Amino acid sequence: MPPNDLVSQMAHIGLKTTAQNLDDLIARATQGRWSPRMLLEQLYQMETCERARLSLEHRLRFSGIGRFKPMADFDWNWPRKIERDVIERALSLDFIPEGRNLILLGRNGLGKTMIAKNIAHAAVMAGYSVLFRTAADVIEHLQCDSPQLRRRRIQAYVRPHLLCIDELAYLAYDDNAADLLYEVINRRYERRSVVVTTNRAFKEWNQVFPNATCIATLLDRLTHHADATVIEGESYRVHESEKEAAARRKQK
């Protein structure tokens with residue numbers, strides 16, 4: 001590196017934003033007759049803002065939230081039963097510093113995933129690390145032959161501030177799947193928060209994980225410090241499909 005190549009030198013020590021905008025920064029400092037302190041303060045602000053932006057982009061990509069509708073589009077009047085205060089409190093993210101969990105129970109099409117994704121997105125925007133996965137994806141990812149690789153993968157689910165497991169108990173799994181989920185929930189117990197969406201009552205989880213001996217302990221860890229809220233009603237997706245079909249029939 002040439003000794004007079006200031007741009008490369010600044011990029012080399014991690015001041016990439018300053019390096020990319022060096023000429024503009026020097027011009028503004030000269031024109032404004034900035035003091036050395038003002039120049040350093042501006043440099044700090046530029047680097048801090050850019051690193052915060054890159055950190056947010058990384059956390060959004062890592063989270064796996066994907067596309068979702070905002071809570072402004074949620075029809076609170078559609079479900080026959082919904083504890084709005086519980087959900088709005090969860091959206092405030094107060095449960096994350098406390099290491100508490102949130103469990104959303106209800107049949108398909110009532111917005112459980114939409115609510116969970118909005119909570120996850122709010123957590124990312126607040127600076128938390130978040131991982132959003134379906135239960136099937138988590139179990140498939142953890143089912144590997146290598147014990148060392150499995151431990152590393154389990155740790156990847158333990159590390160984030162918030163873990164969202166979507167569609168838990170939608171499918172039937174073997175007892176090994178229950179053991180893997182238990183490892184994740186147990187290591188996060190009283191340390192990191194979990195959001196779970198499920199369409200099965202807890203008493204039915206033995207049907208989802210037949211012959212699994214850890215179900216009672218898994219549920220004990222999951223629900224000990226948790227708000228479990230039930231959403232009841234008819235599927236909103238089915239309702240929308242019926243409305244669209246009726247509109248098409250009228251057009252014909």
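The values are calculated or read from the model by the stated rules, or taken from the named source; none is laboratory data. Everything quoted here is computed from the prediction, not taken from an experiment. Because the Cβ atoms are built from the backbone with ideal geometry, glycine has one as well, and the counts that use them run over all protein chains shown. Surface accessibility is based on the protein's heavy atoms, side chains included, excluding ligands, DNA and RNA. Shrake-Rupley method; radii C 1.70, N 1.55, O 1.52, S 1.80 Å.
Anything in the stretch 85-97 that is open to solvent by 50 Å² or more (accessible area, probe 1.4 Å) and within 16 Å of SER193 (Cα to Cα)? List them, or say none.
Within the stretch 85-97, the subset open to solvent by 50 Å² or more (accessible area, probe 1.4 Å) is 85, 88-89, 92, 94, 97.
Within the stretch 85-97, ARG89, SER92, ASP94, PRO97 meet the criteria.
Among the residues of the stretch 156-177, which ones are closer than 19 Å to ARG188 by Cβ and open to solvent by 70 Å² or more (accessible area, probe 1.4 Å)?
Result: ARG159, GLU167.
So, in the stretch 12-59, exactly how many residues are small (Gly, Ala, Ser), under 30 Å from PRO160 (Cα atoms) and part of a helix (DSSP H, G or I)? It would help to see each step written out before you state the result.
First pass over the stretch 12-59, keeping only residues small (Gly, Ala, Ser): 14, 19, 27, 29, 32, 35, 52, 55.
Imposing the further condition that a residue be under 30 Å from PRO160 (Cα atoms) reduces the set to 14, 52, 55.
Right, trim to part of a helix (DSSP H, G or I) and you get 52, 55.
Summing the residues that are small (Gly, Ala, Ser), under 30 Å from PRO160 (Cα atoms) and part of a helix (DSSP H, G or I) in the stretch 12-59 gives 2.
Return the pair list, or none, for Cβ contacts closer than 6 Å from residues in the stretch 74-99 that are in a helix (DSSP H, G or I) to residues that are acidic (Asp, Glu), at least 6 apart or on different chains.
Going by the 6 Å Cβ cut-off, the qualifying pairs are VAL86/ASP227.
Is it the case that the stretch 51-64 has a residue that's surrounded by 11 or more Cβ atoms within 10 Å (Cβ to Cβ), touching a strand residue (DSSP E or B) at 6+ places or on another chain (Cβ under 6 Å) and closer than 30 Å to ALA116 by Cα?
Yes, the conditions are met somewhere in the stretch 51-64.
Which one of ARG188, ARG107, ARG200, ARG192 is modelled with pLDDT of 95 or more, of a type outside the set (Phe, Trp, Tyr) and open to solvent by 10 Å² or more (accessible area, probe 1.4 Å)?
Working: ARG188 fails: open to solvent by 10 Å² or more (accessible area, probe 1.4 Å); ARG107 fails: modelled with pLDDT of 95 or more; ARG200 fails: modelled with pLDDT of 95 or more.
Answer to the check: ARG192.
Checking ILE82 against (1) surrounded by 16 or more Cβ atoms within 10 Å (Cβ to Cβ); (2) farther than 18 Å from LEU181 by Cβ; (3) under 16 Å from the mean Cα position of the chain (by Cα): exactly one of these is not met. Which one?
(3)
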